[in-house]
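Notes follow once the structure below has been shown.
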Amino acid sequence: MRSPAGDHAVGETADAFENLGVAAYNGAGPLIRNVDYLAAAGTIVSVEARHAAMIAALLHGPSAASAGAGHISSKGLDAEMPPKSVLAKAKPFIKTPLTATSLI
């Protein structure tokens, strides 16, 4: 059964947001001082990474893209992104005005 073209656009958006979520948590990790919050963030990012992997596999099947191409650092780890960069990348999808003036 083939998916309608619109489903692919939804899948691509989900792929972008799940990978952005992983990069956001990885980028925020060094800023979290409370070990309990850091542990919670580590749990959440692991789930986000599983979501990203499943969406990539559904969109791309067995391929470099589903293995994380474009979302992996030169060290072979999931990318990280500081909060200001995350907000800038997500801004086109956010209707409510947001700023990151106090963020790194």
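Tabulated data
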read-out	value
Residue within segment 69-76 that is modelled with pLDDT under 90 and open to solvent by 90 Å² or more (accessible area, probe 1.4 Å) present	yes
Every residue from segment 49-68 that is assigned to a helix (DSSP H, G or I) and open to solvent by 40 Å² or more (accessible area, probe 1.4 Å)	Arg50, His51, Ala53, Met54, Ala57, Leu58, Leu59, His60
Residue match in segment 13-23 (condition: assigned to a helix (DSSP H, G or I) and in contact with a Leu (Cβ under 8 Å, 6 or more places away or on another chain))	yes
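The values are calculated or read from the model by the stated rules, or taken from the named source; none is laboratory data. Quantities reported herein were computed from a predicted structural model and do not represent experimental measurements. Neighbour counts run over all protein chains shown; Cβ positions are idealised from the backbone, glycine included. SASA here: full protein model, heavy atoms, side chains in, ligands and nucleic acids out. Shrake-Rupley method; radii C 1.70, N 1.55, O 1.52, S 1.80 Å.
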